[in-house]
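Undergrad: First the structure, then my questions, so here it is.
The values are calculated or read from the model by the stated rules, or taken from the named source; none is laboratory data. Keep in mind it's a predicted model, so treat the numbers as computed, not measured. A quick note on method: Cβ atoms are made from the backbone with ideal geometry, for glycine too, and the neighbour counts reach across all protein chains shown. Only protein heavy atoms, including side chains, enter the accessible area calculation; ligands, DNA and RNA are left aside. Shrake-Rupley method; radii C 1.70, N 1.55, O 1.52, S 1.80 Å.
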Amino acid sequence: MSDILVIAEHRQGELRPVSLELIAAAKEAGASSVTVALIGANAADLTGAVSVEGVDEIVTVPTASANFQPDEWKAAVEALIAARSPSLVMLPHSVDSWGFAPALGATGNYGFATDVFGIANEGGEWVVTRAMYKEKVHAEIDFPGKSTVVVTVRGGTWKPAEGSSSPAVSSLDASATANSSHVEFIEPPATGDVDITQAEFMLSIGRGIAEEDNVEQFSELADAVGATLGCSRPIADSGWLPKSRQVGQSGKVVAACKLYLALGISGSVQHQAGMKHVDNIIAVNTDPEASIFSIARYGIVGDIFEIADELVTHFE
Amino acid sequence: MKILVAIKQVANLDDDFEIRDDGKDVDHDFCDYEINEWDDYSLETALQIRENNGDEGEIVVVTVGPDDAEDELRKCLGKGADRAIRVWDDAIEGSDQVAIARILTKVVEKEAPDMVFMGVQAADNAYAQTGVAVAQQLGWPHAAVVNALEYTPGASTATANRELEGGLEEKITVNCPAVMTIQLGINEPRYASLRGIKQAAGKPLDEISHSDLGLSDDEVGEAGSVSRVRKVFVPEKGQAELIEGTPAEQAARLAEILKELSGA
Ligand SMILES: Cc1cc2nc3c(=O)[nH]c(=O)nc-3n(C[C@H](O)[C@H](O)[C@H](O)COP(=O)(O)OP(=O)(O)OC[C@H]3O[C@@H](n4cnc5c(N)ncnc54)[C@H](O)[C@@H]3O)c2cc1C
Ligand SMILES: Nc1ncnc2c1ncn2[C@@H]1O[C@H](COP(=O)(O)O)[C@@H](O)[C@H]1O
């Protein structure tokens, strides 16, 4: 049996696009049938949005809250597993999943792995691939004796499912006691001095710049080469550059970027979430094993200060 | 008031690391260790709550890890934690995060704190599981990826901001006691003072095993896990074309590439 259950994610009434990537992943993993779950008070409104190619069935699970609530979502997924006995349950490796998926794993009833980017079925057993040691090593993981396996899947790994289908739609009840409640969403502050999502050429700096005093040198370099200055999270967290310059999961996706120069950035998954789509990525890093090199087109294993000092002379 | 902070010692691989003979992990001789970055922020969160509580209350740090991990506990004691617990024995080797969570859960049950802080994720393997897994096993309320927190010791609820994707945040209220996973940037972690470091040497650091916590052999290690590492391997290198030469030569070639690709 290789029935796969995909838990769709939504926020503020919109389907999060990663849900469609999971549907594609389920299909590619060889699912005999794909069931998509829509959890939440108004989630049934998203039925059309997930009726894409490859979906056999949609199950809505109305809950008390319209927004994500971890206790309700956990109860919903457990009810879904009880009702459909899927062999694999896929959730996005997202902030909401981090808020409740580990609770499913911790029941001990299911196999469980997070941030999975490879999924295979070997003779009826699921084997998944994830990274370890800051992405320098990959691991194959299996789940001996578990008839249902729950995984959170890395975004940006599969192309979103497209097209349309007419899946059967049904509804399932699940009850839960919520131990936390939504107060409000807080929107990020309006874009600061610059909108990096519009920039075509980005020069981004990471923790490799070492000190706040060094920001200026790279800011001048960005001007000289005609790039917009961006950064990884530690630079913004330290207040060395405004948050509006941060590229990544909790920052901005540089949607219009065609050329991305990453200086002293290791290439964490969360940074990559904002830039790995860029066609031309160039990385400078002293660590030849830094994972940024795995997505770069060109790489320099070297010191960003030495390179920066020389590079600027070609743009004077 | 008591706050429990769980910390992990994370591994950084040396350039020339090797895979262990059984193929299931890297050889730990090729690792350098440091405290998980996220745990600095969660310890700081606990320290600030105590400061705002008229310096009243106890902060206990706990780790599940071998001898070396003691260094990180001492650093936390140096920053102001009162007491440390290290859980380890051979049977714990090979535990996944669900089994690690089971051990931490027993420690929490024993200590009965008002609040448990853990990191959002550990920098090495980025599981992002352990905090919510502990909450599940305790049956406690929880909140993940907290980047702002209002909590008064003894209060029945706390207000937390969850950091969502794209800079959006969600303000929630959470029943207490609770387990929270703390996000980078929630505060500015302090450094240990010289005085603090001296004092740390005299603070209690308990070493216990899984059986001291009342756990059986099959509740830890591989037997107590819901996943198993079958093998590890070095991924194929990406397509990056390396620019070789002296820094001057590399920069010259980089300049050409930038000019060509940016259309300048
Ligand atoms: C929920 C969540 C959301 C997150 N959102 C984001 C996000 O939006 N954006 C983001 O960036 N991160 C984000 N992170 C953090 C992320 O996990 C990493 O911690 C972060 O990306 C690391 O930044 P870095 O690469 O600059 O630093 P590091 O990982 O410390 O890397 C620094 C690099 O610089 C290199 N280096 C050092 N000195 C030099 C030198 N002189 N010359 C050349 N190279 C040098 C080192 O070899 C290293 O590779 C998020 C994390 C979580 C949990
Ligand atoms: N071995 C461990 N000992 C103590 N705490 C841990 C351990 N592993 C993980 N944690 C805690 O769980 C958080 C998230 O780690 P992880 O779920 O492994 O990504 C860490 O920041 C720690 O607070």
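Undergrad: What dipole magnitude, in Debye to the nearest 20, does the protein assembly as shown give about its Cα centre under +1 on Lys/Arg Cβ and -1 on Asp/Glu Cβ?
TA: 1420 debye
Undergrad: A further question on this structure: Of B:N53, B:N161, B:N147, which is the most mobile in a GNM of chain B whose springs link Cα atoms less than 10 angstrom apart?
TA: Among B:N53, B:N161, B:N147, the largest GNM mean-square fluctuation belongs to B:N53.
Undergrad: Roughly speaking, what is the centre-to-centre gap between the stretch A:272-304 and the stretch B:167-182 when only Cα atoms are used, to the nearest Å?
TA: 34 Å
Undergrad: Report the calculated FRET efficiency for B:D71 and A:H182 (r = Cβ-Cβ distance, R0 = 30 Å), to the nearest 0.05.
TA: Taking R0 as 30 Å, the efficiency between B:D71 and A:H182 is 0.15.
Undergrad: Moving on. Lysine pairs in the stretch B:1-123 with alpha-carbon atoms under 27 Å apart, 8 or more places apart or on different chains: how many are there?
TA: 13
Undergrad: Something else now. Show me B:169-179, A:163-173 ranked by packing, highest mean number of other Cβ atoms within 10 Å first.
TA: B:169-179, A:163-173
Undergrad: Which whole-number percentage describes the relative contact order of chain A, with Cα contacts under 8 Å and a sequence gap of 6 or more?
TA: RCO, chain A: 15 percent.
Undergrad: In addition: Over the stretch B:6-85, what percent of the accessible surface lies on carbon and sulfur atoms, probe 1.4 Å?
TA: 36 percent
Undergrad: Accessible surface of B:K8 in the full protein assembly, 1.4 angstrom probe, to the nearest 10 Å²?
TA: It works out to around 60 Å².
Undergrad: Count charges around A:T148 for me, please; just the other residues with Cβ under 13 Å from its Cβ, Lys/Arg as +1, Asp/Glu as -1.
TA: -1
Undergrad: Shifting gears a bit: What span do the alpha-carbon atoms of chain A cover on each of the three principal axes, reported in whole Å from largest to smallest?
TA: Sorted from largest, the Cα extents of chain A read 67, 44, 37 Å.
Undergrad: Something else now. Can you tell me the relative contact order of chain B? Whole percent, Cα pairs under 8 Å, sequence separation 6 or more.
TA: Across chain B, relative contact order equals 24 percent.
Undergrad: Arrange the peptides A:247-253, B:241-247 so that the one whose residues have, on average, the most other Cβ atoms within 10 Å appears first.
TA: Those peptides, ordered most packed to least, come out A:247-253, B:241-247.
Undergrad: Still on this structure, I have one more. Only helical DSSP H runs with n ≥ 4 go in: add -39500 (n - 2.57) per run for the protein assembly as shown, normalise by residue count and round the 222 nm mean residue ellipticity to 500 deg cm²/dmol.
TA: One gets -7000 deg cm²/dmol as the mean residue ellipticity at 222 nm.
Undergrad: Mind checking the per residue accessible area of the stretch A:4-171 for me, 1.4 Å probe, whole number of Å²?
TA: 32 Å²
Undergrad: Another question, then. Could you derive backbone 3J(HN,Hα) for the stretch B:24-41 from the dihedral phi with the Karplus parameters 6.51, -1.76 and 1.60 (θ = phi - 60°), listing whole Hz in sequence and x where the residue is Gly or Pro?
TA: After applying 6.51 cos²θ - 1.76 cosθ + 1.60, I find 9, 7, 7, 6, 5, 5, 9, 10, 9, 10, 7, 6, 4, 3, 4, 6, 4, 6 Hz.
Undergrad: Specify, per residue and in Å³, the volume enclosed by the convex hull of the alpha carbon atoms belonging to chain B.
TA: 185 Å³
Undergrad: Let me ask another. Once R0 is set to 30 Å, what does the formula 1/(1 + (r/R0)^6) return for the Cβ-Cβ distance between B:D15 and A:D309, expressed as a FRET efficiency to the nearest 0.05?
TA: 0.75
Undergrad: For the stretch B:222-239, what does the Karplus curve 6.51 cos²θ - 1.76 cosθ + 1.60, with θ = phi - 60°, yield as ³J(HN,Hα) per residue in whole Hz, taken in order and with x for Gly and Pro?
TA: Taking θ as phi minus 60°, the curve returns 4, 5, x, 9, 10, 8, 9, 6, 8, 7, 10, 8, 7, x, 4, 5, x, 8 Hz for the stretch B:222-239.
Undergrad: Note down the net charge around A:F201, summing +1 for each Lys or Arg and -1 for each Asp or Glu among other residues with Cβ under 13 Å from its Cβ.
TA: Here the charged neighbours net out to -2.
Undergrad: A further question on this structure: Roughly how much of A:I209 is accessible, in Å² to the nearest 10, using a 1.4 Å probe?
TA: Accessible surface of A:I209 is approximately 0 Å².
Undergrad: Can you order the peptides A:97-108, A:267-278 by their average number of other Cβ atoms within 10 Å per residue, highest first?
TA: For the peptides A:97-108, A:267-278, the packing ranking is A:97-108, A:267-278.
Undergrad: Once you have the alpha carbon radius of gyration of the stretch A:220-288, what is it after dividing by 2.2 N^0.38 Å, with N set to its residue count?
TA: In units of the 2.2 N^0.38 Å rule of thumb, it is 1.04.
Undergrad: Could you tell me what fraction of 2.2 N^0.38 Å the Cα radius of gyration of the protein assembly as shown comes to, as a two-decimal ratio?
TA: 0.96
Undergrad: Here is a further query. Considering the options A:A25, A:I307, A:V137, tell which one lies farthest towards the positive end of the dipole of chain A, charges being +1 on Lys and Arg and -1 on Asp and Glu at the Cβ, about the Cα centre.
TA: A:A25
Undergrad: Are there any chymotrypsin sites (Phe, Trp or Tyr not before Pro) in the stretch A:265-316 that are in a DSSP loop and have at most 14 other Cβ atoms within 10 Å? List them by number.
TA: A:F315
Undergrad: I need two numbers for the stretch A:4-171: Rg to one decimal and Dmax as a whole number, Cα atoms only, in Å.
TA: 14.7, 44
Undergrad: Explain nothing, just compute: Karplus ³J(HN,Hα) = 6.51 cos²θ - 1.76 cosθ + 1.60, θ = phi - 60°, for every residue of the stretch B:64-81 in order, whole Hz, x for Gly and Pro.
TA: Residue by residue, the stretch B:64-81 yields 10, x, x, 2, 3, 5, 4, 3, 5, 4, 4, 4, 5, 4, x, 7, x, 5 Hz.
Undergrad: All other residues with a Cβ under 13 Å from the Cβ of A:E28 taken together, and with Lys, Arg as +1 and Asp, Glu as -1, what is their net charge?
TA: Local net charge: 0.
Undergrad: What is the calculated FRET efficiency for B:S193 to A:L172, with r their C-beta to C-beta distance and R₀ = 45 Å, to the nearest 0.05?
TA: Between B:S193 and A:L172 the formula returns 0.20.
Undergrad: How big is Rg to Rh over the stretch B:110-200, alpha-carbon atoms, Rh as the Kirkwood inverse-mean-distance radius?
TA: 1.01
Undergrad: Are there GluC sites (Glu not before Pro) in the stretch A:104-170 that DSSP marks as loop and that have at most 12 other Cβ atoms within 10 Å, and which are they?
TA: Those that pass, being in a loop and sparsely packed, are A:E162.
Undergrad: Let me ask you something else. Considering only B:A84, B:A69, B:A223, give the residue with the highest GNM mean-square fluctuation for chain B, with springs between Cα atoms whenever their separation is below 10 Å.
TA: Result: B:A223 has the largest fluctuation of those listed.
Undergrad: Over what distance in Å are the Cα centres of the stretch A:118-155 and the stretch B:185-246 separated?
TA: Cα centroid of the stretch A:118-155 versus Cα centroid of the stretch B:185-246: 21 Å apart.
Undergrad: Which residue, A:N42, A:N280, A:N179, has the most motion in a Gaussian network model of chain A that connects Cα atoms within less than 10 Å?
TA: A:N179
Undergrad: While we're here: By a straight-distance test (C-alpha under 17 Å), which lysines pair with B:K237 as possible cross-link partners, with residues fewer than eight away in the same chain excluded?
TA: Reachable lysines: A:K134, A:K136, A:K276.
Undergrad: How many Cβ atoms of partner chains, on average, are near each residue of B:138-144 if near means within 10 Å of its Cβ?
TA: Across the residues of B:138-144, the mean count of other-chain Cβ atoms within 10 Å is 4.
Undergrad: Check A:T152: other-chain or 5+ apart residues with amide H under 5 Å from its amide H, H built from backbone geometry?
TA: Amide H to amide H, under 5 Å and 5 or more residues apart or across chains, A:T152 pairs with A:L91, A:A113, A:T114, A:D115, A:V116.
Undergrad: Could you pull the Rg and Dmax for the stretch A:196-315, using just the Cα atoms, both in Å?
TA: Gyration radius and largest Cα-Cα distance of the stretch A:196-315: 12.6, 35 Å.
Undergrad: State, in square angstrom and to the nearest 100, the accessible area buried between chains A and B, both chains counted, probe radius 1.4 Å.
TA: Summing both sides, the interface buries roughly 7100 Å².
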